[in-house]
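**Q** The following block contains the structure, expressed as structure tokens.
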Amino acid sequence: LKEDTLIKISKPFFVNGIKCYWEFTLEIFEDSPSGEGTIKLKSSKNNKILLSYSDIYYLEEFNKPDMNDYDFYGNCFVDVNFDGLKDFAFYSRLSSGSGVTHTEVYVFDKPSKRFLPSELSGGEFEVNEKNKTVSTFQENGYRDYTTFVSHFDKKGSINCREYITREEIEVNKKTLLKRTYQKMINGRMVNGKIINGKIIKRTVDTVEFNGW
């Protein structure tokens with residue numbers, strides 16, 4: 001089959017004070033509706049790659065973007081760690097599945113002026129502006145799930161991460177929900193959960209299951 005490599009470049013724009021542009025490359029076989037694509041964010045000054053990510057893209061997606069930054073994933077710039085700088089969060093087809101939407105997150109690193117892969121990537125990604133937290137979701141097994149809630153210091157680094165595991169169990173022919181709480185504080189694992197900013201040392205509780 002014949003293979004084509006298509007390239008599209010956006011107009012320059014600014015993010016975090018850096019003038020840059022998108023380069024979108026799609027490798028696609030003849031008569032195929034999709035192929036492997038790579039988006040690269042490059043510096044207009046020296047063509048340095050600030051961010052690079054590969055995923056499955058459809059040809060209609062490649063043809064759709066105009067030359068402006070917004071159509072080239074410009075709407076995915078968001079401050080995920082509350083340090084006042086724009087980071088990058090976008091949907092991943094390769095990592096999504098089983099009803100879970102996976103988001104890849106790249107956090108802006110000020111010293112190198114690049115967007116670096118972040119542990120904030122995960123399923124059902126959500127930024128809570130009010131509480132200044134980021135939550136993600138992971139399926140561990142059948143009816144067994146973990147939610148991760150990340151808290152940040154003033155510099156945008158994760159200083160606390162909560163792990164909340166919910167597992168459906170059967171006890172005396174009754175369906176219950178077992179919840180386990182743990183957290184990582186400055187690299188140290190501590191049992192318990194956080195309520196109104198305080199650590200409550202209760203690691204496991206079981207409640208009546210009312211559905212997911």
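The values are calculated or read from the model by the stated rules, or taken from the named source; none is laboratory data. What you see is a predicted model; the values in this text were computed from it and never measured. Here Cβ is always computed from backbone atoms with ideal geometry, including for glycine, and neighbour counts include all displayed protein chains. Quick note on the areas: whole protein, heavy atoms, side chains included, nothing else; ligands and nucleic acids left out. Shrake-Rupley method; radii C 1.70, N 1.55, O 1.52, S 1.80 Å.
**Q** Residue 162 versus (1) touching an Asp or Glu at 6+ places or on another chain (Cβ under 8 Å); (2) surrounded by 12 or more Cβ atoms within 10 Å (Cβ to Cβ); (3) modelled with pLDDT under 90: which is the lone unmet condition?
**A** (1)
**Q** Mind listing whichever residues of segment 165-179 are outside any loop (DSSP other than H, G, I, E, B), basic (Lys, Arg) and loosely packed, with under 15 Cβ neighbours inside 10 Å?
**A** 174
**Q** Among the residues of segment 118-140, count how many are over 9 Å from the mean Cα position of the chain (by Cα), of a type outside the set (Gly, Ala, Ser) and not in a loop (DSSP other than H, G, I, E, B). I'd like the intermediate steps shown before the answer.
**A** As a first pass, look at segment 118-140 and keep what is over 9 Å from the mean Cα position of the chain (by Cα): 127-135, 137-140.
Subsequent filtering for residues that are of a type outside the set (Gly, Ala, Ser) retains 127-134, 137-140.
After this cut, where a residue has to be not in a loop (DSSP other than H, G, I, E, B) as well, the list is 127-128, 133-134, 137-140.
Number of matching residues: 8.
**Q** Do we have any residue at all in segment 67-87 that's at pLDDT 95 or above, surrounded by 16 or more Cβ atoms within 10 Å (Cβ to Cβ) and in a strand (DSSP E or B)?
**A** Taking every residue of segment 67-87 in turn, at least one turns out to be at pLDDT 95 or above, surrounded by 16 or more Cβ atoms within 10 Å (Cβ to Cβ) and in a strand (DSSP E or B).
**Q** Run residue 95 past the list (1) modelled with pLDDT of 90 or more; (2) among the polar types (S, T, N, Q); (3) surrounded by 15 or more Cβ atoms within 10 Å (Cβ to Cβ); (4) not in a strand (DSSP E or B) and report the number of the one that doesn't hold.
**A** Here residue 95 clears every test but (1).
**Q** Could I ask something else about it? I'm trying to understand the selection: among the residues of segment 165-212, which are at pLDDT below 75, more than 14 Å from residue 151 (Cα to Cα) and of a type in the set (A, V, I, L, M)?
**A** Hits for segment 165-212 are 189, 190, 200, 204, 207.
**Q** What is the residue count in segment 128-142 for residues that are open to solvent by less than 100 Å² (accessible area, probe 1.4 Å) and either at pLDDT 95 or above or within 14 Å of residue 162 (Cβ to Cβ) (or both)?
**A** Residues meeting the conditions: 8.
**Q** Continuing with the same structure: Taking interchain pairs and intrachain pairs at least six residues apart, which have beta carbon atoms under 9 angstrom, with the first residue in segment 147-160 and within 13 Å of residue 84 (Cβ to Cβ) and the second open to solvent by 50 Å² or more (accessible area, probe 1.4 Å) and β-branched (Val, Ile, Thr)?
**A** Correct list of pairs: 152/158.
**Q** For the condition open to solvent by less than 50 Å² (accessible area, probe 1.4 Å) and modelled with pLDDT of 95 or more, what is the one hit in 100, 149, 107? Lay out the reasoning, then the answer.
**A** Values: 100 fails: modelled with pLDDT of 95 or more; 149 fails: modelled with pLDDT of 95 or more.
Going through 100, 149, 107 in turn, just one is open to solvent by less than 50 Å² (accessible area, probe 1.4 Å) and modelled with pLDDT of 95 or more: 107.
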